[in-house]
Amino acid sequence: MSIPKFVATKDMDAFHAALEMIRLDEWYIPVLKSPQDYTHVGVLGLENPIGAFLGRDAAKLSRPLSEIMSTELITCSPEDEVDNIWRLMREQSFAGLPVVKKDKLIGMVTQKNLLDSGVILPAFEAKRGRFKARPKYPR
């Protein structure tokens, strides 16, 4: 697990959030309720501001993130088994997932984190890997 390079709040200006994402080469960022309240409320993907721009609705870029972010949250918790997280990332084509405990963002887990830790993809270990319970998603 790692700390996200950039975390936005739902009231942040979409244009500035998109610029920071491009500067940091981040495709997705978690969106929190406020700088003081780490409640995870959404995810902003670069496709959100780019879609607004290409859809000739550039006015959306000056609005708060809460108007363009995705609120269907797919997350994992520190208690989830690694092979379940791998499976979810593979099935959903995610490069990473927000790690949430009691609705508060505590970090991000990425495929790179898992590879660096030496964890093997469950598909290579066995047909289904160890499977107990699926991560909790969507909310």
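Read-outs: derived from the displayed coordinates by stated rules, not from any lab. Quantities reported herein were computed from a predicted structural model and do not represent experimental measurements. Here the Cβ is made from the backbone with ideal geometry for all residues, glycine too, and neighbour counts use every protein chain on show.
Some observations on this one:
- Annotation: the antiparallel percentage among DSSP beta bridges lying fully within the range 8-125 is about 80.
- Cβ crowding within 10 Å ranks HIS16, HIS40 as HIS16, HIS40, fewest other Cβ atoms first.
- Residue order, fewest to most surrounding Cβ atoms within 10 angstrom, among LEU54, LEU97, LEU32: LEU54, LEU32, LEU97
- Projected-area mean, the range 1-99, by convex hull of Cα positions, square nanometres: 6.5 nm²
- Compared with the direct C-alpha span, the chain from ILE106 to SER62 gains 13.0 nm at full extension, assuming 0.36 nm per residue.
- Estimated inter-spin distance, LEU19 and GLU79, nm [label 7 Å along Cα→Cβ]: 4.3 nm
- Legend: ranking of residues GLU47, GLU26 from fewest to most surrounding C-beta atoms inside 10 Å; resulting order GLU47, GLU26.
- Spin-label proximity, ASN113 to the range 63-82 - amide N less than 15 Å from point 7 Å beyond Cα toward beta carbon: 74-82
- Lysine pairs meeting the criterion (Cα under 15 Å, 8 or more apart or interchain), as found in the range 8-125: 6
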